[in-house]
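Some notes on the structure that comes next.
The values are calculated or read from the model by the stated rules, or taken from the named source; none is laboratory data. Owing to the predicted nature of the structure, the values given are computational and were not obtained by experimental measurement. Because the Cβ atoms are built from the backbone with ideal geometry, glycine has one as well, and the counts that use them run over all protein chains shown.
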Amino acid sequence: MSAMIKNLAVFIGSAIAVHLSYIGYIRPQADRIIAAAKQAGQSAPRDIWVVLKDYEQEICIILMLWAGFLILSKCIAILKDRYLFSVDLLEDTAENGGDLKAVLSNLGQLPAQTRETPLVVALMASLRRYLITNDVQNTSDAVESSIEALAICQEAENSMIRYLIWAIPSIGFVGTVRGIGEALSLADQALAGDIAGMTNSLGIAFNSTFVALLISILLMLLLHQLQRLQDGLVIDTQAYCEKFLLKRISEK
């Protein structure tokens, strides 16, 4: 629940910050540029503030900041726990003469933040299975089940990020439809020789799609980096369990 509240707070904060920047700087700046172009008898220039001024681009930037936070927070969480793979969490097995109950008890006494990491969860589940069945194959099956559960959990947690990456180009397309619709409504003026309104409306159509596609490309790059870290976490967790747990209990 706390993670959900934090994500919602980041979304609200991003929306407020972006909207304030739009009404305080971006739209006034774009209006000045457009007004200067009209006085000079020219169409609106391809300035960055003119490209960003519409509502669709504002929504896309808000969603970009939110999706970026979701991706980066997951990456930081994975990297923060990487040190566990260089620590032998089962070293008490040899010191206690193979007393796996003591090892399981020690793992259960770790700090909550460490105890809830995928590696420790997989180790504890596998140790419980071995203590119940006293069978290496069942323990190996428990490791495989934990790894599969980890992969499924990671895939499910990425669903919101995928939705946002899908939604951003869709919002850009909404801007395209809106701009083309406005341009068609000004066709009579264009036929009369005044094409300024039609060109401005077409600018809305193309600018929204342009910004949305750029943002989606950036977010897809970040998502692929996150998936690379998540795949590495799954592989390293399985390798750790095989090296430090399965190998020891099979020798025992």
Next item on the list: Looking only at the stretch 1-32, count how many residues are out of contact with any helix residue (DSSP H, G or I) (no Cβ under 6 Å at 6 or more places or on another chain) and part of a helix (DSSP H, G or I).
Entry: 22
Check: Can you pull out the residues in the stretch 199-213 that are within 27 Å of the chain's Cα centre (by Cα) and surrounded by fewer than 22 Cβ atoms within 10 Å (Cβ to Cβ)?
Finding: Phe206, Thr209, Phe210, Leu213
Next item on the list: Would you check if Ala77 is in a helix (DSSP H, G or I), farther than 30 Å from Trp49 by Cα and modelled with pLDDT of 85 or more?
Entry: yes
Check: Assuming Ala44 fulfils every condition listed in (1) modelled with pLDDT under 85; (2) in contact with a helix residue (DSSP H, G or I) (Cβ under 6 Å, 6 or more places away or on another chain); (3) farther than 30 Å from Leu218 by Cβ apart from one, which condition is it?
Finding: (3)
Margin query: I'm told Gly203 meets every condition in (1) small (Gly, Ala, Ser); (2) modelled with pLDDT under 85; (3) over 30 Å from Leu222 (Cα atoms) except one. Can you identify the failing condition by its number?
Written below: (3)
Margin query: Can you go through Thr117, Thr133 and tell me which one is without any contact (Cβ under 8 Å) to a residue 24 or more places away in the chain and within 24 Å of Ala102 (Cβ to Cβ)?
Written below: Thr133
Next item on the list: Mind listing just one residue for me: the one in the stretch 103-139 that is small (Gly, Ala, Ser) and in contact with a helix residue (DSSP H, G or I) (Cβ under 6 Å, 6 or more places away or on another chain) and, of those, surrounded by the fewest Cβ atoms within 10 Å (Cβ to Cβ)?
Entry: Ala125
Item checked: Those residues of the stretch 1-53 which are surrounded by 11 or more Cβ atoms within 10 Å (Cβ to Cβ) and hydroxyl-bearing (Ser, Thr, Tyr), in sequence order -> Ser14, Ser21, Tyr22, Tyr25, Ser43
